[in-house]
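Student: Please read through the structure below; I'll follow up with questions.
The values are calculated or read from the model by the stated rules, or taken from the named source; none is laboratory data. What you see is a predicted model, and the numbers here were worked out from it, not measured in a lab. Here the Cβ positions follow ideal geometry from the backbone for every residue, glycine too, while neighbour counts run over all protein chains shown. Side chains are part of the model used for accessible areas, which takes the heavy atoms of the whole protein and leaves out ligands, DNA and RNA. Shrake-Rupley method; radii C 1.70, N 1.55, O 1.52, S 1.80 Å.
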Amino acid sequence: MTTVNPFVEIVSTGRYLPDRIMTNQDLESIVQTTDEWIVERTGIRERRVAPPEMTAAYMGAEAARIALERAGVTADGVDLLIVSTATPDRLLPASACDVQALIGASNAVAFDVIGACTGFIYGLTVAEGYLSTGRGKITLVVATEKMSSIVDWEDRTTCVLFGDGAGAALVRKSEGERGILGTHHQSDGKLAELLYRPAGGAAIPVDQDVLRDRSHFVKMAGRGVFKHAVRAMANSSIEVLERTGWEVDDVDLVFPHQANIRIIEATARYAGLPMEKVFVNVDRYGNMSSATIPVAMDEALEEGRLKPGMNLLLVAFGAGFTWGAMAVRW
Ligand code: ACO
């Protein structure tokens, strides 16, 4: 294992999950599905659903407040606030500005990163670049997703997969060995239409036809996404280990994007990572897009599973397609 000095480290994390639990049994009364089908194909048993009045910015702000408090940093000490979301409360302005206003990060530059499920990893990399060039000292990376607002509750092939929630990480310049040691990122826009929202943007603004076709909701070619997700996450994991000078055995804990237990297991198998080292909570939250990794890290810390000195592998795949992996010493 080679030793590199990291530029930045994750100092603290936070998470926010809405109280309301929607079980697979609850879904049986909404669409034609069964608990058995959902568990067998996805590993998901329940997910959180935010009430209509709860915004993505609110959930992100709650997660951010916890991360700030744990780091002993006040909101006005944040230089850069990055929000990753596929479910902005409004299309203009950026949700980062809404989170900024809610937490009072009045000295921060605030903008969004749209990387779908890979958005948290992309956000960490933007933070790393910003901080390592001396533009600031403290960055908050917030991933917040109100997926319940963009799924089609009449489409059983998608609505059973997603959930709402937010996670946050406070990032600052590393003083020692803790931090981001290696990254790998990739995107492929040619495959955008395997997972997207056809209407509702500037190309096809919402009108009566859109509402009738329900084309402002998420559309997904599940099998195609599955195949690409496994291949991309496994390759990205292998690539980042190589770049970092780590062997598979050097990895202590893996935080994969939590979309589906079968994707997680197949990725681990192809990358040669034993499942005992893989953190899984998709059964309780479903796919919270970019919020899955920070929520998982925060839970692992609380459970005492994530410990100082551990070598972590973060890996994600999402709409775009986007994907990436990160090697982190905790
Ligand atoms: N309940 C019951 N039956 C269902 C449901 C449901 N919720 N959804 C689909 N079915 C039916 C289909 O209609 C189909 O019926 P048919 O054979 O009569 O036509 C049958 O189940 C099989 O459907 P498939 O789509 O072939 O099932 P598959 O085994 O591929 O599983 C799934 C579907 C779970 C969506 C899978 O393809 C998958 O996980 N894909 C990845 C999608 C994903 O995770 N996307 C998240 C965003 S990207 C990311 O985060 C990585």
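Student: How high is the relative contact order of the stretch 181-329, given as a whole-number percent (alpha carbon pairs under 8 Å, six or more residues apart)?
Tutor: This gives 36 percent for the stretch 181-329.
Student: Ok, one more. Identify the GluC sites (Glu not before Pro) of the stretch 238-305 meeting these criteria: DSSP loop state and at most 16 other C-beta atoms within 10 Å of the C-beta. Before the final figure, lay out each step's value.
Tutor: Details: sites: 239, 242, 247, 265, 276, 299, 302, 303; in loops: 247, 303.
Qualifying residues, ordered by number: 247, 303.
Student: Pull up the cross-link candidates among the lysines for residue 227, meaning alpha carbon to alpha carbon under 16 Å and not fewer than 8 places away within one chain.
Tutor: Correct list for residue 227: 190.
Student: Using a Gaussian network model of the chain whose springs link C-alpha atoms within less than 10 Å, name the residue from 226, 120, 255 with the highest mean-square fluctuation.
Tutor: Result for the chain, Cα springs under 10 Å: 226 fluctuates most.
Student: Could you give the dipole magnitude of the stretch 227-272 about its Cα centre, charging the beta-carbon of Lys and Arg +1 and that of Asp and Glu -1, in debye to the nearest 20?
Tutor: Here the size comes out at about 400 debye.
Student: From the Cα gyration tensor of the stretch 13-64, with a ≥ b ≥ c the square roots of its eigenvalues, which class applies: rounded if a/c is under 1.5, or else prolate if a/b is larger than b/c, or else oblate?
Tutor: Cα axes put the stretch 13-64 in the prolate bin.
Student: Continuing with this model, one more query. Can you give the accessible area of residue 183 in Å² (nearest 10), computed on protein heavy atoms with a 1.4 Å probe?
Tutor: 30
Student: Considering only 78, 54, 92, whose Cα is most displaced toward the positive end of the charge dipole of the stretch 8-176, charges sitting on Cβ of Lys, Arg (+1) and Asp, Glu (-1)?
Tutor: Value computed over the given set: 78.
Student: Just report the Cα centroid separation between the stretch 170-225 and the stretch 242-312, whole Å.
Tutor: Rounded to whole Å, the Cα centres lie 21 Å apart.
Student: Still on this structure, please answer the following. Relative contact order for the chain using alpha-carbon pairs under 8 Å, separation at least 6, rounded to a whole percent?
Tutor: 25
Student: State which stretch of the chain is the longest one without any exposed trypsin sites (Lys or Arg not before Pro), exposure meaning a DSSP loop state and at most 15 other Cβ atoms within 10 Å.
Tutor: In short, 215-304.
Student: To one decimal place, what Kirkwood hydrodynamic radius in Å is obtained for the stretch 181-329 from all pairs of distinct Cα atoms? Don't skip to the end; give the middle numbers.
Tutor: Values: mean 1/r = 0.0613 Å⁻¹.
Mean inverse Cα-Cα distance, inverted, gives 16.3 Å.
Student: According to the square roots a ≥ b ≥ c of the eigenvalues of the Cα gyration tensor, what is the shape class of the stretch 1-146, taking rounded for a/c under 1.5, prolate for a/b larger than b/c otherwise, and oblate for the remainder? If you can, show how the numbers build up before the last one.
Tutor: On the way: a/c = 2.38, a/b = 1.69, b/c = 1.41.
Here the stretch 1-146 falls in the prolate category.
Student: Specify the residue with the greatest mean-square fluctuation among 312, 211, 102, computed from a Gaussian network of the chain linking alpha-carbon atoms under 10 Å apart.
Tutor: Fluctuation is largest for 211.
Student: Checking the cross-link filter: which lysines have an alpha carbon closer than 16 Å to that of residue 307, excluding same-chain neighbours under 8 positions apart?
Tutor: Within the straight-line limit of under 16 Å, residue 307 reaches these lysines: 277.
Student: Related question: Pop out the ³J(HN,Hα) list for the stretch 232-243 in order, Karplus 6.51 cos²θ - 1.76 cosθ + 1.60 with θ = phi - 60°, rounded to Hz; leave Gly and Pro as x.
Tutor: Computed from phi, the couplings for the stretch 232-243 are 5, 5, 5, 4, 5, 4, 4, 4, 6, 5, 4, 4 Hz.
Student: To make sure I understand the rule: partners must be lysines, Cα under 16 Å from the Cα of residue 173, and not fewer than 8 residues away in the same chain. Which ones qualify?
Tutor: In chain and number order, the partners are 137.
Student: Please name whichever of 168, 34, 107 sits farthest to the positive end of the charge dipole of the stretch 8-176, dipole taken about the Cα centre and charges placed at Cβ: Lys and Arg +1, Asp and Glu -1.
Tutor: The one lying farthest along the dipole's positive direction is 107.
Student: Working from the alpha-carbon coordinates of the chain, get Rg over Rh, Rh being the Kirkwood radius.
Tutor: 0.95
Student: Largest first, how would 207, 112 line up by accessible area (1.4 Å probe)?
Tutor: Order by accessible area, largest first: 207, 112.
Student: Residue by residue through the stretch 290-305, which ³J(HN,Hα) values in whole Hz follow from phi under the Karplus form 6.51 cos²θ - 1.76 cosθ + 1.60 (θ = phi - 60°), with glycine and proline marked x?
Tutor: For the stretch 290-305, the Karplus-derived couplings read 5, 7, 5, 5, x, 5, 5, 4, 5, 5, 5, 5, 5, 7, x, 7 Hz, x marking Gly and Pro.
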